[in-house]
Amino acid sequence: MSRKPYLRKMPKSWWLAQRRYTSYMAREMSCVFIGAYSVLIVLGLYRLSQGRAEYGAFLDALQSPPSLVFHAAALVFALIHTVSWFSLAPKAMPLQIGEKKLSGGPVVLAHYAVWVVVSAGVLLVARI
Amino acid sequence: MAKSNKPIVWSLFAGGGMLSAFVTPVLIFITGLAVPLGLMSLDSLSYDRMLVLAQNPIAKIVLFAVIFLPLWHAAHRLLTTLHDLGLPKGRIAMTLCYGAAALGSIAAAVVLLRI
Amino acid sequence: MTEPTLQVEILRYRPETDQDPAFQTYTVPYRDDWVVLDALNHIKDNIDRTLSYRWSCHMAVCGSCGMMINGEPKLSCHAFLRDYYPNKIRVEPLNNFPIERDLVTVTDDFMEKLESVKPYVIPKQERAVDEGPHLQTPAQLNTFKQYTMCINCLLCYAACPQYGLTPDFVGPAALALAHRYNLDTRDAGREQRQEIAASNEGVWDCTFVGECSQVCPKSVDPAAAIQQTKIASTIDWYKALLNPWGKR
Ligand code: SF4
Ligand code: FES
């Protein structure tokens, strides 16, 4: 009997087919905002290097509605990145004491703890 | 013997992902929302303060890391995501993504050195 | 009282007559202790003898009955009708593999990949029988035990969009098994396996979607194995860079 295997094409919209794929895509999309934010810091530093007036204009631009909308969206995606990154961290570093494999919970918690400390530190420095 | 050169980009991706997981949210919050909306004083980002910061050699290195690593992280992830969305993996997409990250990193270095 | 029934929609493909696969719906009796495989067996025995599918153990051990059930890769001997009743159940062959006939897929690609990662202990030196067994402590065993649980059911390949997008990707189960033998204290074959696992088609095609680990019926967690292999391979790469005269 002759064979005729049939290969189904993966649809381009595969990431919409299932909720977990869609949240994966949201996580991946965070890169757009994280990359854009890096570029924005470079721009701010460039304006800073140009002088007081130019930097002032940059600060004013940060107050414009489009900038606020961008940053609000960027914050949401940055948080998606943070949460997903921390939740996957235990997979990269399996812990075992003697015969017992440890659960990933403490590793994730440790990441959150460091995150809180770092964020509080940055906020504190910014306010002084 | 290297079986692949992927470890270079992957280590930048992973390092950048780690760094931005820890610092990007709070930075976006301060510079993009809290200060512009007046939740934090404008002094936080004032010209004089930022100039002092950007002229400090240690701060320059930190600033460069905070720009450079997340940028490479983003470029690598963008490349894989474009592939996920159906763009063929190819030299063009690779050159554009990594090239943009390289340009951004050079721009950051030049600006930081000149301040 | 009439017996409750359930509709099962099955993707059929008969290569000698069909141009494309198409769905065919069957009505089967509903029993709350039945799994999807029971429904398929009922169809085959009582309704349509032409239906083809693979199964053997009916107890989540042999790994041959993997199918897409309502879009999710599952062992059909492990998917209870009661979790879907009274809704229709849609059964398709595993995603990302060519369909041989009905629910039977062509898995040669995986078999080749599995072989390529040398999934067996490669000792540094052959041990003579009178040297006795190679001892291993429970702690040493536990570093890799979860990866030994793999039953080659290929649910992870069906769940992996990167395998779907890049068929050359070695893929979750094979990479998890490579990692399993690399971690084994009796083994010295890592260098050989790295030729495949750390190549461009190895771990680097993985974007950590994580679905392989979600769908794995044996909690193998291939995503973790791949992630750990990426890290170890990266460390190798930097070591080789810093010490080009080192071994290899
Ligand atoms: S890793 Fe899990 S899902 Fe993949 S083939 Fe093995 S048992 Fe099946
Ligand atoms: S029939 Fe053996 S795993 Fe389902």
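Every number here is computed from the coordinates shown, using simple stated rules; none is lab data. Note that the structure is predicted; figures quoted are calculated from it, not measured. Cβ sites come from the backbone with ideal geometry, for glycine too, and all protein chains shown count toward neighbours.
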Inter-part distance where segment B:28-94 and segment C:91-144 are each reduced to a Cα centre, Å: 44
field: Cα-centre dipole for chain B with unit charges at Cβ (Lys and Arg positive, Asp and Glu negative), debye to 20
entry: 480
field: Where no second cysteine Cβ lies under 4.7 Å, the cysteines concerned in chain C
entry: C:CYS65, C:CYS77, C:CYS150, C:CYS153, C:CYS160, C:CYS206, C:CYS216
- prompt: For the charge dipole of segment B:11-115, defined by +1 on Lys and Arg C-beta atoms and -1 on Asp and Glu C-beta atoms about the Cα centroid, which residue among B:THR95, B:ALA109, B:GLN55 has the Cα displaced farthest towards the positive pole?
  reply: B:THR95
query: Restricting attention to the alpha-carbon atoms of segment C:39-147, what are Rg (one decimal) and Dmax (integer), both in Å?
result: 20.0, 62
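Other chains near C:7-14: what is the mean number of their Cβ atoms within 10 Å of each residue's Cβ? Walk me through the numbers before you get to the answer.
On the way: counts 0, 0, 0, 0, 1, 0, 4, 1.
Per residue, the average neighbour count from other chains is 1.
How big is the dipole moment of segment C:108-242 about its Cα centre under a simple scheme where the beta carbon of each Lys and Arg is +1, that of each Asp and Glu is -1, and everything else is neutral? Debye, nearest 20, please.
With Lys and Arg at +1 and Asp and Glu at -1, about 460 debye.
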statement: The answer for C:LEU94, listing residues at least 5 apart or on another chain whose modeled amide H is closer than 5 Å to its amide H, is C:MET68
query: In what sequence, highest mean first, do C:165-171, C:19-25, A:65-71 appear when ranked by Cβ atoms within 10 angstrom?
result: C:165-171, A:65-71, C:19-25
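May I ask for the Rg/Rh ratio of segment C:108-242, computed from Cα atoms with Rh as the Kirkwood radius, given to two decimals?
That ratio is 0.99, to two decimals.
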- line: Output field shielding_mean for C:216-229 (other chain Cβ, 10 Å radius) holds 2
- prompt: Rounded to the nearest 20 Debye, what is the dipole magnitude of segment A:16-92 about its Cα centre when Lys and Arg each give +1 and Asp and Glu each give -1 at the C-beta?
  reply: 320
- request: Report, in deg cm²/dmol and to the nearest 500, the calculated mean residue ellipticity at 222 nm for chain C, where each DSSP H run with n ≥ 4 adds -39500 (n - 2.57) and the sum is divided by the residue count.
  value: -8500 deg cm²/dmol
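Of the peptides A:50-60, B:4-14, how do they stack up when ordered by the mean number of other Cβ atoms within 10 Å, highest first? Don't skip to the end; give the middle numbers.
Details: A:50-60: 14.1, B:4-14: 18.7.
Final packing ranking: B:4-14, A:50-60.
Run the helix sum for chain B: -39,500 (n - 2.57) per DSSP H stretch of 4+ residues, divided by residue count, reported at 222 nm to the nearest 500 deg cm²/dmol. Walk me through the intermediate numbers first.
Working: 4 runs with 84 residues, N = 115.
That calculation yields -25500 deg cm²/dmol at 222 nm.
Would you order C:THR107, C:THR148 from fewest to most other beta-carbon atoms within 10 Å of each residue's own beta-carbon?
Details: C:THR107 19, C:THR148 14.
Placing the least packed residue first, the sequence is C:THR148, C:THR107.
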Ordering of C:222-233, A:93-104, A:38-49 by packing [mean C-beta count within 10 Å, highest first]: C:222-233, A:38-49, A:93-104
query: What's the center-to-center distance, using Cα atoms, between segment A:70-128 and segment C:191-208 in Å?
result: 27
statement: Exposure proxy check on C:VAL117, A:VAL107, B:VAL52, C:VAL8: fewest-to-most Cβ neighbours within 10 Å is B:VAL52, A:VAL107, C:VAL8, C:VAL117
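Which whole-number value in Å³ per residue fits the convex hull of the alpha carbons of chain A?
Looking at chain A, the number lands at 223 Å³ per residue.
Cross-link list B:LYS6/C:LYS124; C:LYS74/C:LYS218; A:LYS4/C:LYS88: which exceed 20 angstrom alpha carbon to alpha carbon? If you can, show how the numbers build up before the last one.
Details: B:LYS6/C:LYS124 29 Å; C:LYS74/C:LYS218 11 Å; A:LYS4/C:LYS88 29 Å.
Result: B:LYS6/C:LYS124; A:LYS4/C:LYS88 exceed 20 Å.
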Alpha-carbon Debye profile of the protein assembly as shown, log10 I(q)/I(0) at 0.09, 0.12 Å⁻¹: -0.76, -1.13
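As a test, work out the antiparallel percent of DSSP beta bridges whose residues both lie in the protein assembly as shown, rounded to the nearest 5. All intermediate terms of the calculation are to be shown ahead of the outcome.
On the way: 20 of 23 bridges.
Among the beta bridges of the protein assembly as shown, antiparallel pairing accounts for roughly 85 percent.
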statement: To the nearest 10 degrees, the tilt of helix A:65-92 (Cα long axis) against the first principal axis of the alpha carbons of chain A is 40
- prompt: If you take the charge dipole of the protein assembly as shown about its Cα centre, with +1 on Lys and Arg Cβ and -1 on Asp and Glu Cβ, which of C:THR185, B:GLY32, C:GLY210 is farthest toward its positive end?
  reply: B:GLY32
message: Between segment C:1-46 and segment C:150-173, what is the separation of their alpha carbon centroids in Å?
response: 26
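Would you mind giving the mean number of other chain beta-carbons within 10 Å of the Cβ of each residue in B:28-41, as a whole number? Present the calculation step by step, with values, prior to reporting the outcome.
Working: counts 14, 10, 7, 9, 12, 7, 4, 4, 9, 5, 1, 0, 3, 2.
That average works out to 6.
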- request: Fewest Cβ neighbours within 10 Å first, please rank B:MET40, B:MET94 accordingly.
  value: B:MET94, B:MET40
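For chain C, what is the percent of antiparallel DSSP beta bridges, rounded to the nearest 5? Intermediate results must be reported in sequence, preceding the final value.
On the way: 17 of 20 bridges.
Antiparallel bridges: around 85 percent, rounded to the nearest 5.
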- request: Taking the dipole about the Cα centre of segment C:6-158, with the C-beta of Lys and Arg at +1 and of Asp and Glu at -1, give me whichever of C:ASN41, C:ASN152, C:PRO133 is farthest to the positive side.
  value: C:PRO133
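Between C:THR137 and C:SER56, what is 0.36 nm times their sequence separation minus the Cα-Cα distance? Round to one decimal in nm. Before the final figure, lay out the partial values.
Numbers: separation 81, 0.36 × 81 = 29.16 nm, distance 3.40 nm.
Gain on stretching C:THR137 to C:SER56: 25.8 nm.
Given a Förster radius of 41 Å and the C-beta distance between A:MET29 and B:SER41 as r, what FRET efficiency does 1/(1 + (r/R0)^6) yield to the nearest 0.05?
Working: r = 33 Å, r/R0 = 0.80.
According to the calculation, E is roughly 0.80.
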